[in-house]
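Take a look at the structure set out below.
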Amino acid sequence: MPQKTIELLQLGQTANLKDKYRKGNVIYLGDEGDIVITGDIHGHRRNFERVVSFAKLDSNPERHLILQEIIHGGPTDKEGRCLSYELLFDVIQYKLQYPDNVHILMSNHDTSFICNREIMKDGREMNLAMRQALDEKFGDKSEDVKMAITEYLLSQPLAVKCNNGLWASHSLPSERNWDKFDTAIFEREIVVDDLMRTGSVYLLTWGRNQSQKLLNNAAEKLGVKTFVLGHQSQPDGWLKAGENLIIIASDHSHGCLIICDLNKSYTAEELKNKIVALSSIL
Ligand SMILES: [Mn+2]
């Protein structure tokens, strides 16, 4: 059982690294088909099922589905340990089914797991809560499973860049860290130092409250038009948080996704019409 899990994680790692659309740490998408972007999932299985049901990848081979922040949240065991690793394994299985359609982005909860660092969510420390659940489940093999999860998470790409000017990543650096952020991170191999405070993966996945000035600088530097981010919780499921930014969340009953064509360009204002409430999906 632990062996099967470790194999799954290794296959997922390979699928991330060999993603047909990946160059460096970015997924580059052309003009064909469409894209479905979701926000943080945080163990919300029902919403993940709704996303899968909506995407219908079987009958939409030219569709790309972007997922992020799968772990930390959702069901717990009787002792309050976090069982979101179960959803992570199912999401990896799904990626293996559609390896060049499903792209799973690196988030700050992933970096916290990789670095074994405390991370609070709703007043709970989630890193320990999930590690204890893994210990309970995998017993004396749990260190091996945790290592395989670490390597899997580290293999995830950082962003999606589309020909139509759309960019999706978990977040963007905060204002005060923009000058410290090194965009070479999108091209070179990621090492654990990049996930530590002041490292560029840390800054990318933890940043908040981006000003319009920062968003304009980032758009110019990255050569994009419109950003879709997760990370910053949205009680209404989404927020137009700048002239060129939509933030979405997929981890609660008002969660959303965005679907749009890859052969058309969109402003954030236009993307508002492309938002689908997950509660509307059976
Ligand atoms: Mn986050």
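Values quoted throughout were computed directly from the atomic coordinates according to the rules given, and no laboratory measurement underlies them. Model, not experiment: these values are computed from the prediction. Heads up, the Cβs are rebuilt from the backbone with ideal geometry, glycines too, and the neighbour counts pull from every protein chain shown.
Structural remarks
- Stretch gain in nm, segment Leu239-Asn163, where the contour uses 0.36 nm per residue and the Cα spacing is subtracted: 25.0 nm
- Here r is the Cβ-Cβ distance between Tyr21 and Ser253 and R0 is 30 Å; the resulting FRET efficiency, rounded to 0.05, is 0.40.
- Debye intensity ratio I(q)/I(0), log10, the chain, q values 0.09 Å⁻¹ (C-alpha model): -0.38
- Hits among aspartates and glutamates - C-alpha to C-alpha of Lys240 under 13 Å, sequence gap 8 or more where chains match: Glu269, Glu270
- Rounded to the nearest 0.05, the FRET efficiency derived from the C-beta distance between Gln10 and Asp182 at R0 = 22 Å is 0.15.
- Placed amide H near Leu65: partners under 5 Å, 5+ positions off or other chain: Val36, Val102, His103
- Cα→Cβ-extended label distance, 7 Å offset, between Glu125 and Asn263, nm: 5.4 nm
- Separation of the alpha carbons by more than 32 angstrom is noted, of Lys4/Lys121; Lys78/Lys141; Lys20/Lys221; Lys221/Lys274; Lys95/Lys213, for Lys95/Lys213.
- Leu172 long-range amide H proximity, modeled H, under 5 Å: Gly207
- Taken one residue at a time, the phi angles of region 276-282 give Karplus couplings (6.51, -1.76, 1.60, θ = phi - 60°) of 10, 6, 4, 5, 7, 9, 6 Hz. Gly and Pro are set to x.
- Taking 0.36 nm per residue of separation and subtracting the current Cα-Cα distance, fully stretching the chain between Glu270 and Glu62 would add 72.7 nm.
- Residues listed by number, region 1-28, amide nitrogen under 15 Å from Asp140 label point at 7 Å toward C-beta: 1-3
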